[in-house]
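Structure first, commentary second.
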Amino acid sequence: MGGPKVVKTTLNAGRGKMPDYSDGTKSIFHYEVWKPNEWKEGMPQNRDEFTYIDSSRRDWPHGYGAPMEIVFGKKFALVVFENCLRSMHEGERSQFDVDASELYSFPMTAKKLRDIAKGRQADPHHHHEYHHESHMCAAALAGGTGYAELDDLLKNPAPLRIIFEVIRVIPPGSYEAESWQLNADEKLKSVEEYRLAGNELFKEGKLMEAVDKYREALGRLETLLLREKPGDEEWETLDSKNIALYLNLSQCYLKVGDMWEAEQTATEVIDRDDNNEKALYRRAKARIARWKLDEAEEDLSKLLEVSPSMAEMIENERKVIVEKRKEKEKKQKNTAKNMMKALGS
């Protein structure tokens, strides 16, 4: 393993050829970390002489609680993890005794992973990304991690025994790249790919699957917008791409009957293009369904100004509004009548 700072012991041999671990290779693995109770001239041999520090197998607050993934060439915060994994076959289980000098960033990296696990536990449907780059300022280190065993390592760096088990090694191009793996150009291209994929799902009637694609595209677009100054030409160009995505979302939500989301997503379009015909029409329909009749009437009036050719469609929606107002008035009269009867009795 390239010197005495890391000593490897194979516990269970793996299978197949050694992967080449070229940039873009993904390794999926479990890890556990132990600290010797005393450090003399070498690591103790007995497990009882170690204290548990961290593991991907243990749930928060004691670990990450899921297999870890590393994509080689993406600057994972712990270089020693990459170096150890590069020496392993798929299916292999090995332990590495690592000098403290190689582990400066371990406590804060472990903290980040546990914080992700905490968020995942609170909201299992939310996707949490771990970005490989790590920037740890002195203030962050001084503030501690919030986990006692990690704080102790911050104050008292020590050699550690790290046990890795490689579950799977996936060559570059054999899996779909996640958002954080892409550069700006690749991410922008992926926005369009997700939009088109959503369109195909929409045509197939898979509406909520289409929604997921459009939402993923919006999320990726948002990360690109954060790189630009609001109002600048580059920002405006990127932000305009939100329009098609929100329009598609409003149509999906109308079809599945989620009128609140249909209204909100149409509003996102109108905030960017207040004369957008499709958005005005879809928001009006959503507002009618939500009994926001005055607001719906305003949208239809605006739509008639923008697009007189849609007069027949607008008139049809206005007829719906008239009927709903009659229905509302009738309910109010019945309610008042019942109240009078109750008071009279």
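Each value in this text was obtained by applying a stated rule to the coordinates, not by laboratory testing. What you see is a predicted model, and the numbers here were worked out from it, not measured in a lab. Cβ sites come from the backbone with ideal geometry, for glycine too, and all protein chains shown count toward neighbours.
Work out the P(r) tail for the range 6-170: percent of alpha carbon pairs separated by more than 26 Å, whole number.
26 percent
Which value at 222 nm does the chain reach when only helices count, each DSSP H run of 4 or more adding -39,500 (n - 2.57), with the total divided by all residues and rounded to the nearest 500 deg cm²/dmol?
On the way: 11 runs with 175 residues, N = 345.
After summing the helix terms and dividing by the residues of the chain, the value is -17000 deg cm²/dmol.
Please give the charge dipole size of the range 203-250, origin at the Cα centre, charges +1 on K and R Cβ atoms and -1 on D and E Cβ atoms. Round to the nearest 20 debye.
I would put it at about 260 debye.
Pull out the extension gain between residue 37 and residue 151, defined as 0.36 nm times the separation in residues minus the alpha carbon to alpha carbon distance; nm, one decimal.
39.4 nm
How much FRET efficiency would the formula 1/(1 + (r/R0)^6) give for residue 57 and residue 23, where r is the Cβ-Cβ distance and R0 is 35 Å, rounded to 0.05?
0.80
For the range 237-297, rounded, prolate or oblate, judged on the Cα gyration tensor with a ≥ b ≥ c (square roots of eigenvalues), a/c < 1.5 rounded, else prolate if a/b > b/c?
oblate
Projecting each Cα onto the charge dipole of the chain (Lys/Arg +1, Asp/Glu -1 at the beta carbon, about the Cα centre), which of 16, 224, 113 comes out farthest on the positive side?
The Cα lying farthest towards the positive end belongs to 113.
Nearest 10 degrees is fine. How inclined is helix 233-256 to the longest principal axis of the chain, computing both from alpha carbons?
70 degrees
Multiply the residue separation of residue 118 and residue 273 by 0.36 nm, subtract the distance between their alpha-carbon atoms, and state the gained length in nm to one decimal.
That pair, residue 118 and residue 273, stretches by 51.9 nm at full extension.
If I model a spin label at residue 228 and residue 312 as a point 7 Å from the Cα along the Cα→Cβ vector, what separation in nanometres do I get?
Distance between label points: 4.0 nm.
For 168, 86, 283, what ranking results if the residue with the fewest other Cβ atoms within 10 Å of its Cβ goes first?
168, 86, 283
Can you report the principal axis dimensions of the chain using only the alpha carbons, biggest first, rounded to whole angstrom?
So the three principal-axis extents are 90, 58, 40 Å.
Just want the ordering: 235, 39, from fewest to most Cβ atoms lying within 10 Å of their own Cβ.
39, 235
Run the paramagnetic zone check for residue 9: 7 angstrom along Cα to Cβ, then residues of the range 26-52 with backbone nitrogen under 19 Å.
31-52
Given Cβ point charges of +1 (Lys, Arg) and -1 (Asp, Glu) and nothing else, what value in debye, to the nearest 20, does the dipole of the chain about its Cα centre take?
Dipole of the chain, to the nearest 20 debye: 1440 debye.
In nm, to one decimal, how far is the modelled label at residue 260 from the one at residue 323, with both set 7 Å along Cα→Cβ?
Inter-label distance under the simple model: 2.6 nm.
Report the local net charge at residue 89: Lys and Arg +1, Asp and Glu -1, summed over other residues whose C-beta lies under 14 Å from its C-beta.
Working: positive: 8, 15, 17, 86, 93, 168; negative: 20, 90, 92, 165.
With Lys, Arg at +1 and Asp, Glu at -1, the neighbours total +2.
Using the basic label-point model (7 angstrom from Cα toward the beta carbon), what is the residue 170 to residue 193 distance in nanometres?
1.3 nm
Using θ = phi - 60° and the Karplus form 6.51 cos²θ - 1.76 cosθ + 1.60, what ³J(HN,Hα) does each residue of the range 269-276 get, whole Hz, x for Gly and Pro?
Values, residue by residue: 5, 5, 4, 9, 8, 6, 10, 5 Hz.
Kindly put 88, 313 in sequence by how many other C-beta atoms sit within 10 Å of each C-beta, fewest to most. Intermediate values should be presented prior to the final figure.
On the way: 88 23, 313 15.
Sorted ascending by nearby Cβ count, the order is 313, 88.
Is the shape of the range 182-339 best called rounded, prolate or oblate, per the rule: a/c under 1.5 gives rounded, else a/b larger than b/c gives prolate, else oblate, with a ≥ b ≥ c the square roots of the Cα gyration tensor eigenvalues?
Working: a/c = 2.52, a/b = 2.04, b/c = 1.23.
Prolate, because a/c is 1.5 or more and a/b exceeds b/c.
Please enumerate, by chain and number, the lysines with C-alpha under 20 Å from the C-alpha of residue 155, excluding those fewer than 8 residues away in the same chain.
Qualifying lysines at Cα under 20 Å: 35, 40, 111, 112.
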